[in-house]
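The values are calculated or read from the model by the stated rules, or taken from the named source; none is laboratory data. What you see is a predicted model; the values in this text were computed from it and never measured. Using ideal geometry, Cβ is built from the backbone for each residue, glycine included, and neighbour counts are taken over all protein chains shown. Quick note on the areas: whole protein, heavy atoms, side chains included, nothing else; ligands and nucleic acids left out. Shrake-Rupley method; radii C 1.70, N 1.55, O 1.52, S 1.80 Å.
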Amino acid sequence: MPAVRLIGPNNEQLGVVPTQRALAHAQDLGYDLVEIAPNSTPPVARILDFGKYRYAEQQKAKEAKKRQRSVTWKEIRITPKIDDHDIETKIKSASKFLDEGDKLKVTVRFRGRELAHPDRGRVLLLQVADRLKDHGIVERMPLLEGRSMIMVMNPVRRDAQGAPTPQVPPPPTPPAAGPGVPAPKPAAAPAPAARPAAAAPPAPKPAAPPPTAPPVAPPLARSATPSPPAPARPASAPPPASPSAAPRKRTN
């Protein structure tokens with residue numbers, strides 16, 4: 001290359017100089033001439049210590065590798081007839097994988113005639129997702145692939161911050177009154193709401209009249225005509241003397 005755009009050791013711009021002159025200048029300062037932008041026109045070269053430059057580039061690559069996290073897949077396999085104790089163990093393992101930042105694939109494997117009832121596997125996978133909602137979110141809903149039904153879950157980001165609360169701007173302050181500007185009148189206080197008039201007391205109800213006794217019928221007037229006397233009954237004859245009461249004749 002006939003010429004380069006030269007940058008000094010303190011990042012100063014030295015302009016476009018011939019390559020041989022730039023190399024001689026770098027050797028005079030005790031540094032190296034390093035080409036940092038070969039695709040530009042003209043190419044950019046910098047005067048610096050190549051050993052320190054290479055060490056700084058290696059450190060940058062290490063930091064970038066630390067920040068970069070590779071995606072690791074974990075898988076748990078269950079069956080439609082899994083026991084309650086076994087599903088608890090599977091869920092504990094799945095929550096551990098999600099907390100470590102790994103992607104999780106939950107697979108239900110159907111054997112024999114179990115494939116005739118794929119809805120059981122779908123219900124089981126949705127139950128697992130519901131129990132792991134504090135550790136991960138569902139990326140792909142259950143999908144039947146051959147003799148297996150697969151669901152994919154992503155870990156929940158723990159460093160996510162809540163949405164910022166909106167700030168309410170303060171009320172505008174009225175400008176100060178100048179020598180020739182009248183002061184603003186204060187806003188009139190709102191008139192108090194009219195209170196409803198008190199309702200008039202209800203009129204007293206008229207007293208009920210006392211109960212009256214039923215009318216008594218007047219006694220019937222006695223007739224002045226005397227009633228006919230009752231017919232006299234004949235005196236009863238004395239009872240006949242019994243034979244035992246007759247005097248007995250005494251014989252000597």
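In whole angstrom, note down how far apart the Cα centers of the stretch 51-101 and the stretch 6-27 are.
49 Å
In a solvent-free Debye calculation with one equal scatterer on each Cα, what is log10 I(q)/I(0) for the stretch 1-71 at q = 0.23 Å⁻¹, listed in the order of the q values?
-0.96
Kindly sort LEU6, LEU33 by accessible area of their heavy atoms, largest first, with the probe set to 1.4 Å.
The ordering from most to least exposed comes out as LEU33, LEU6.
Can you give me the accessible area per residue for the stretch 1-147, using a 1.4 Å probe, in Å²?
Using a 1.4 Å probe on heavy atoms only, each residue of the stretch 1-147 averages 71 Å².
For VAL4, which sequence-distant residues (separation of 5 or more, or a different chain) have an amide H within less than 5 Å of its own amide H, given hydrogens modelled in the peptide plane?
VAL17, THR19
Using only the Cα atoms, work out Rg/Rh for the stretch 1-139, with Rh taken as the Kirkwood radius, to two decimals.
1.48
Give the Debye-formula value of log10 I(q)/I(0) at each listed q (0.25, 0.27 Å⁻¹), with one equal scatterer per alpha carbon of the stretch 80-121, two decimals each.
So the normalised log intensities are -0.90, -0.95.
If the limit is 26 Å between Cα atoms, which of LYS105/LYS133; LYS60/LYS133; LYS65/LYS90; LYS60/LYS103; LYS62/LYS90 go over it?
Going by Cα-Cα distance, LYS60/LYS133; LYS65/LYS90; LYS60/LYS103; LYS62/LYS90 fall outside the 26 Å limit.
If eta is 1.306 mPa s and T is 10 °C, what Stokes-Einstein diffusion coefficient results for the stretch 57-105, Kirkwood Rh from Cα pairs, in µm²/s?
Reported coefficient: 121 µm²/s.
Hey, got a sec? Which trypsin sites (Lys or Arg not before Pro) in the stretch 117-150 land in a DSSP loop and have at most 10 other Cβ atoms within 10 Å?
Passing both the DSSP loop test and the Cβ count: no residue.
Just in the stretch 70-113: which trypsin sites (Lys or Arg not before Pro) are loop by DSSP and have at most 12 other Cβ atoms within 10 Å?
Passing sites in the stretch 70-113 are LYS81, ARG111.
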